[in-house]
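What follows is a short report on a single structure.
The values are calculated or read from the model by the stated rules, or taken from the named source; none is laboratory data. Only a predicted model underlies this, so the values are computations on that prediction, with no experimental measurement involved. Note that we place each Cβ from the backbone using ideal geometry, even for glycine, and neighbour counts take in every protein chain shown. Just the protein is used for accessible areas: all its heavy atoms, side chains included, with ligands, DNA and RNA removed. Shrake-Rupley method; radii C 1.70, N 1.55, O 1.52, S 1.80 Å.
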Amino acid sequence: MSYGSIIKIPFGPQHPALKEPEHFLFEVDGDIVVNVKPRIGYNHRGIEKAFERRTYIQNIYLAERICGICSDAHTTCYTQAIESLLGVEAPPRARYIRVIIAELERIHSHSLWVGIAAHEIGFDTLFMYVWRDRETVMNLFEMISGNRVHYATNTIGGVRRDIPSQMIPKVKKGLDLLEKRFKYYLNVAQTEQTILKRTENVGILKPKDAVDLCAVGPTLRASGIKNDVRADDPYAAYDEIPFHVITHDGCDVLSRIIVRCEEMLESINIIRYALEHMPEGMTRVRVPLAVPEGETVSRVEAPRGELIHYAKSNGTMKPERYKVRSPTLGNIPALCKMLLGGHVADIPIVLAGIDPCFACMDRMSFIDVKTSKKWVWTMNQLKKHTRKVK
Amino acid sequence: MEKEKENEIVAKLREILKEKIVEVRVPRKRRIFVRIEMEAFKKAVKHLVEDLGFKHLSTITGVDLGETIELIYHLAYKGSIELSLGITVEKKNPNVPTITDIIPGAILYEREVHDLFGVTFEGHPDLARLILPEKWPRDVYPLRKEYTLENLHGSIFKDEEGEK
């Protein structure tokens, strides 16, 4: 049913606490979203230009700071690109350590997301539980790398830190706890009415749309498409480690929750296998400072999906051009599609469903184009509205 | 065979595009770099997407080569083989046909390159700013080589003082 007047709702961009602010202009007919226009760049830092000004060594640290959640995915992608330009390969033990850190990062990122998704649908008990358990993986990071966020593990030609044998039992103990908890959360997601009522058949992304709009990562896999860079274009030690690519064909927010929960369990298995089968030996090779002329494309499966870097070198110590495409940008066209035809009240959870670096939603104004009446809602007011409607 | 599928794809491309291909490199398994003439561009993309199964566009990279701008379209075959299709456009007249009619997912990548390199994608539904602020001066494209951090600061301050 149409209400005859389209109302435009600007959504975002400013949020004082979180990163990556984004702006969306929604056009709604009654309570139904009929058009979405994204606008990003509020946090554009000119990193690609900055890469051209810095040496390859300095750029490791710059790449680490592209994202605060998947910092390791960016350095893995960066160091792989430069290693390929130099024609060197990281030693086998280093490649296993890269896998272990990458999978721990996936667990921390996905559990952070499950907490946020629970919070967005007003299920704060689950949010508190998941984030409490997430501390286990953060503590493992601190033990292995000395840091909770920027692990600074990768370097060109290998890794900077070894995982000594006395740490392995501690990591395994942490994994046992996480496995128990995530099995429980997977069960909660599939049976708890609070979650089912808010996420089933919400934010539909059909498989054809997911492919046409070039969606990536768990968003794509929750629409039943079996694509994962770790399996399709293996890097580090993924070609030596057996694992399953998790898919789900529900195409809705619920599927995205289930895919991420199951991926965390799969990550635990990958880490266990890697710890058992990690070869002995050195963890890095020395590389020259200047990189010969060439170009390369490097890909990594970051927690949010395919991450791609393009590097072009000119024979000096600084790159000629460095391009980064993070998975969130790849998922925005698909996100716009998911929001179409949905309710205003479902916007927060659908938006959270692609796991953007969730930034944009604390302030929004609603404008009726016919009467020019304006009002502003905070995120909390929108949530109250959400709960009233449901 | 080491690069069997890759070579098969290259052979099929050669068959369709013939002398329009400028350069082909297969540096390793699952990586192909192809550079082609501008006039064969749409035909090449259509063929890659519809006949050869390169359905996923990873991103579009712009590279400033001095007199020209190179656009590299990174296309993936079943998530696995990454083909980088390069074309060059004149910096003075940087016009390229859009590929959003073939790959709808290209919509933001084209806007990004438009913003940062000043390339116009003809036929794109909405080439509005995506990344740079609304107040950013027109005709200043930060990823072009003539803009350094120093003179970029200059242009931004000029704009803020309302001189430009």
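The table below lists the values:
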{"quantity": "Helix-derived mean residue ellipticity, 222 nm - over chain A, DSSP H n ≥ 4, -39500 (n - 2.57), to 500", "calculated": "-15000 deg cm²/dmol"}
{"quantity": "Approximate spin-label separation B:Lys5-A:Thr194, in nm, with each point projected 7 Å along Cα-to-Cβ", "calculated": "4.4 nm"}
{"quantity": "Area of A:Ile195 that stays accessible when all protein chains are in place (1.4 Å probe, Å², to 10)", "calculated": "10 Å²"}
{"quantity": "Computed FRET value (nearest 0.05) for A:Lys183 with B:Arg129, which takes r as the C-beta separation and R₀ as 51 Å", "calculated": "0.65"}
{"quantity": "Centre separation in Å (Cα based) which lies between the stretch A:89-134 and the stretch A:239-261", "calculated": "14 Å"}
{"quantity": "For the stretch A:157-201: accessible area per residue (Å², 1.4 Å)", "calculated": "57 Å²"}
{"quantity": "In the stretch B:41-129, the trypsin sites (Lys or Arg not before Pro) that fall in loop regions by DSSP, at most 11 other Cβ within 10 Å", "calculated": "B:Lys92"}
{"quantity": "FRET E, pair B:Trp136, A:Glu27, Förster distance 25 Å, beta-carbon r, rounded to 0.05", "calculated": "0.45"}
{"quantity": "Calculated FRET value between A:His277 and B:His153, using beta carbons and R₀ = 60 Å, to 0.05", "calculated": "0.70"}
{"quantity": "Accessible area buried, both sides summed, chains A and B with 1.4 Å probe, Å²", "calculated": "3400 Å²"}
{"quantity": "Two-site label geometry, A:Met143 and A:Lys226: point separation in nm, points 7 Å out along Cα→Cβ", "calculated": "3.5 nm"}
{"quantity": "B:Glu19 paired with A:Gln58, simple spin-label distance in nm, labels 7 Å along Cα-to-beta-carbon", "calculated": "4.7 nm"}
{"quantity": "Ranked order, A:Glu295, A:Glu240, B:Glu39, A:Glu301 - accessible area, probe 1.4 Å, largest first", "calculated": "B:Glu39, A:Glu240, A:Glu295, A:Glu301"}
{"quantity": "Of A:Lys49/A:Lys226; A:Lys173/A:Lys206; A:Lys226/B:Lys42; A:Lys226/A:Lys318; A:Lys312/A:Lys337; A:Lys323/B:Lys5, those spanning more than 32 Å from alpha-carbon to alpha-carbon", "calculated": "A:Lys49/A:Lys226; A:Lys173/A:Lys206; A:Lys226/A:Lys318; A:Lys312/A:Lys337"}
{"quantity": "Gained length - A:Ile6 relative to A:Asn269, 0.36 nm times residue gap less alpha-carbon distance", "calculated": "89.7 nm"}
